[in-house]
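S.K.: Here's a structure for you.
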Amino acid sequence: MSYFVHPENTETIELSKLYLCPNFYGQRLGSKFITHLERESQALGVKTIKLYVLDNNEAAIQFYSKHGFEFADGFMSEEFEGAVIIDLLMIKRV
């Protein structure tokens, strides 16, 4: 897991990575991390958490939606091995 506060926009934290080893699935570690990130954001005076999620990663989209993230205008795309990869922007106000 990895996140950072934008240097130009200190009111936003970007969650850049949240991966769990399958051996740890079902232990609510992802949910605990999101709760920690929300508390950390509030302590820093951050108002928004943002992240990008792969457009076809239904499990991640469902997880983030369950934790209050919503789709926002914005996406990133890149070509990888001849395929276009699209990451959709999701945000949560804290």
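Read the figures in this text as sums done on the coordinates, not as results from a lab. Here the structure is a predicted model, which means the values were calculated and not measured. Heads up, the Cβs are rebuilt from the backbone with ideal geometry, glycines too, and the neighbour counts pull from every protein chain shown.
S.K.: Need pairs with beta-carbon distance below 9 Å; first residue within 13 Å of residue 30 (Cβ to Cβ) and within the stretch 60-77, second of a type in the set (Lys, Arg) and outside any loop (DSSP other than H, G, I, E, B); sequence gap 6+ or separate chains.
M.R.: 64/92; 67/92; 69/50; 69/92
S.K.: Hey, among 15, 20, which residue is closer than 18 Å to residue 1 by Cα, touching a helix residue (DSSP H, G or I) at 6+ places or on another chain (Cβ under 8 Å) and surrounded by fewer than 17 Cβ atoms within 10 Å (Cβ to Cβ)? Show your work before the answer.
M.R.: Details: 15 fails: surrounded by fewer than 17 Cβ atoms within 10 Å (Cβ to Cβ).
Unique residue meeting the criteria: 20.
S.K.: Spot the failing condition for residue 10; the list is (1) polar (S, T, N, Q); (2) surrounded by 10 or more Cβ atoms within 10 Å (Cβ to Cβ); (3) in contact with a strand residue (DSSP E or B) (Cβ under 8 Å, 6 or more places away or on another chain), and only one is missed.
M.R.: Against the list (1) polar (S, T, N, Q); (2) surrounded by 10 or more Cβ atoms within 10 Å (Cβ to Cβ); (3) in contact with a strand residue (DSSP E or B) (Cβ under 8 Å, 6 or more places away or on another chain), residue 10 comes up short only on (3).
S.K.: Also, I was wondering about something else. Just to be sure before I move on: is residue 68 at positive phi, in a loop (DSSP other than H, G, I, E, B) and out of contact with any helix residue (DSSP H, G or I) (no Cβ under 6 Å at 6 or more places or on another chain) in the structure I sent?
M.R.: Values: at positive phi: yes; in a loop (DSSP other than H, G, I, E, B): yes; out of contact with any helix residue (DSSP H, G or I) (no Cβ under 6 Å at 6 or more places or on another chain): yes.
Criteria met by residue 68.
S.K.: Right, something else. Scan the stretch 41-94 residue by residue and report those that are within 20 Å of residue 12 (Cα to Cα) and of a type in the set (S, T, N, Q).
M.R.: Of everything in the stretch 41-94, those that are within 20 Å of residue 12 (Cα to Cα) and of a type in the set (S, T, N, Q) turn out to be 41, 42, 48, 65.
S.K.: Please go through (1) in contact (Cβ under 8 Å) with a residue 24 or more places away in the chain; (2) within 22 Å of residue 6 (Cβ to Cβ); (3) crowded, with 17+ Cβ neighbours inside 10 Å for residue 30 and return the number of the only condition it doesn't satisfy.
M.R.: (2)
S.K.: For the stretch 18-40, name all the residues that are of a type in the set (Lys, Arg), part of a helix (DSSP H, G or I) and over 14 Å from the mean Cα position of the chain (by Cα).
M.R.: Residues of the stretch 18-40 that are of a type in the set (Lys, Arg), as a first pass: 28, 32, 39.
When the remaining residues are screened for being part of a helix (DSSP H, G or I), the result is 32, 39.
The answer is 39, and nothing else.
S.K.: For the stretch 33-64, which positions are among the acidic types (Asp, Glu) and surrounded by 13 or more Cβ atoms within 10 Å (Cβ to Cβ)? Before the answer, list the steps.
M.R.: Initial filter on the stretch 33-64 (among the acidic types (Asp, Glu)): 38, 40, 55, 58.
Passing the criteria: 38, 40, 55.
S.K.: Does residue 85 fit the bill of being hydrophobic (A, V, I, L, M, F, W, C) and surrounded by 14 or more Cβ atoms within 10 Å (Cβ to Cβ)?
M.R.: Criteria not met by residue 85.
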